[in-house]
Amino acid sequence: MAHPMQLGFQDAASPLMEELLHFHDHALMIIFLISTLVLYIITILISTKFTNMNLLDSQEIEVVWTVLPAVVLILIALPSLRILYLMDEVNDPHLTIKAVGHQWYWSYEYTDYDNLGFDSYMLPTQDLTNGQFRLLETDHRVVIPVESPVRTLVSAEDVLHSWAVPSLGVKMDAVPGRLNQLTLIASRPGVFYGQCSEICGANHSFMPIVVEAVPLTHFEDWSSLLLEDT
């Protein structure tokens, strides 16, 4: 969960988000080194009046400042492509959930079960209890088992939406008439918050997403109770 004055990302709750954070730190360090080098060169140019004629016309330095940026781009591109392919991997999911965006709420179907589905609306401010977050809490949470691959099929009923949970490292557009899929694995129990990340209308900021990761036995108990109620 994000907190006021937070500068970095939320704590990773999935292996994919951990990879994204590592790549962010890797790219940020390269940017920091480049910025330091450029600042050093600007400082030298401003603070000295000497000019090296060999430096102004040198094949060696031409090669260096051509090859070096190419190497830097390769160092950024290779881990980026690796993570991009990891995000598209769908390896034997244990559970499939269909998330459909509406104006302005989400509906969920657990396709591995018969008649297991619900609508998820944002809780009004007056209905919140102690410890719940305004504009982020819903009346029904998406419950998933911990350390189990979960495939999420994302679509929309009316306009463009986007199903995003930052701490799990997932974000997928919900397009009417199209099924997009993503895979998530919660590495620890917890409650993870997200919101629609597509400007979908007047109440765009009032359709939050809450994912609750629980142990497998608790998930089985929850699904049995929900099936009995329906």
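The values are calculated or read from the model by the stated rules, or taken from the named source; none is laboratory data. Here the structure is a predicted model, which is why all the values come from computation and not from measurement. FYI the Cβ positions are ideal-geometry reconstructions off the backbone, even for glycines, and counts take in every protein chain you see. Surface areas here come from the heavy atoms of the whole protein model, side chains and all, with no ligands, DNA or RNA. Shrake-Rupley method; radii C 1.70, N 1.55, O 1.52, S 1.80 Å.
For this structure, a couple of remarks:
- The chain, helix-only ellipticity at 222 nm - DSSP H runs n ≥ 4, -39,500 (n - 2.57), divided by all residues, nearest 500: -12000 deg cm²/dmol
- Seen from Arg178, the other residues with C-beta closer than 14 Å to its C-beta sum to a net charge of -3, counting Lys and Arg as +1 and Asp and Glu as -1.
- When each of the peptides 64-75, 128-139 is scored by the mean number of other C-beta atoms lying within 10 Å of its residues, the order from highest to lowest reads 128-139, 64-75.
- Using the 1.4 Å probe convention, the accessible area of segment 93-227 works out to 47 Å² per residue with neighbouring protein chains retained.
- Overall form of segment 85-230 per C-alpha gyration tensor (a/c, 1.5; a/b vs b/c): rounded
- Here the chain carries DSSP beta bridges of which approximately 70% are antiparallel, counting only pairs with both residues inside.
- Note, ³J(HN,Hα) from phi for segment 2-8, Karplus 6.51, -1.76, 1.60, rounded to Hz, x at Gly and Pro: 5, 10, x, 6, 6, 9, x
- For the chain, a crude dipole built from +1 on the beta carbon of Lys and Arg and -1 on the beta carbon of Asp and Glu, taken about the Cα centre, is about 900 debye to the nearest 20.
- Around the amide H of Ser162, modelled in the peptide plane, lie the amide H atoms of Ala174, Ser197, Glu198, all under 5 Å away and 5 or more residues distant in sequence or on another chain.
- Accessible area of the chain belonging to carbon and sulfur atoms, whole % at 1.4 Å probe: 61
- Among Val150, Tyr105, Ser58 the positive-end extreme of the charge dipole of the chain (Cβ point charges): Ser58
- Cα gyration tensor category, rounded, prolate or oblate, for segment 67-108 with a/c compared to 1.5: oblate
- Inter-centroid distance (Cα atoms) of segment 108-130 relative to segment 132-157, Å: 9
- Evaluating 6.51 cos²θ - 1.76 cosθ + 1.60 at θ = phi - 60° for every residue in segment 70-83, the Karplus couplings come out as 5, 5, 4, 5, 5, 5, 8, 5, 4, x, 5, 5, 4, 5 Hz, glycine and proline recorded as x.
- In terms of its C-alpha gyration tensor, segment 5-49 has an oblate overall shape, because the principal axis ratio a/c (a ≥ b ≥ c, square roots of the eigenvalues) is not below 1.5 and a/b does not outweigh b/c.
- Considering only Ile34, Ala12, Ile44, the residue lying farthest towards the positive end of the dipole of the chain is Ile44, judged by Cα position with unit charges set on Cβ.
- Bins of 10 Å, starting at 0 and running to the largest distance - Cα pair percent for segment 1-129: 8, 19, 24, 19, 13, 9, 6, 2
- Dipole check for segment 93-227: with +1 at the C-beta of Lys and Arg, -1 at the C-beta of Asp and Glu, and the Cα centre as origin, the magnitude is about 400 Debye.
- Across the protein chains, with a 1.4 Å probe defining accessible surface, the residues Lys171, Lys49, Lys98 rank Lys49, Lys171, Lys98 from largest area downward.
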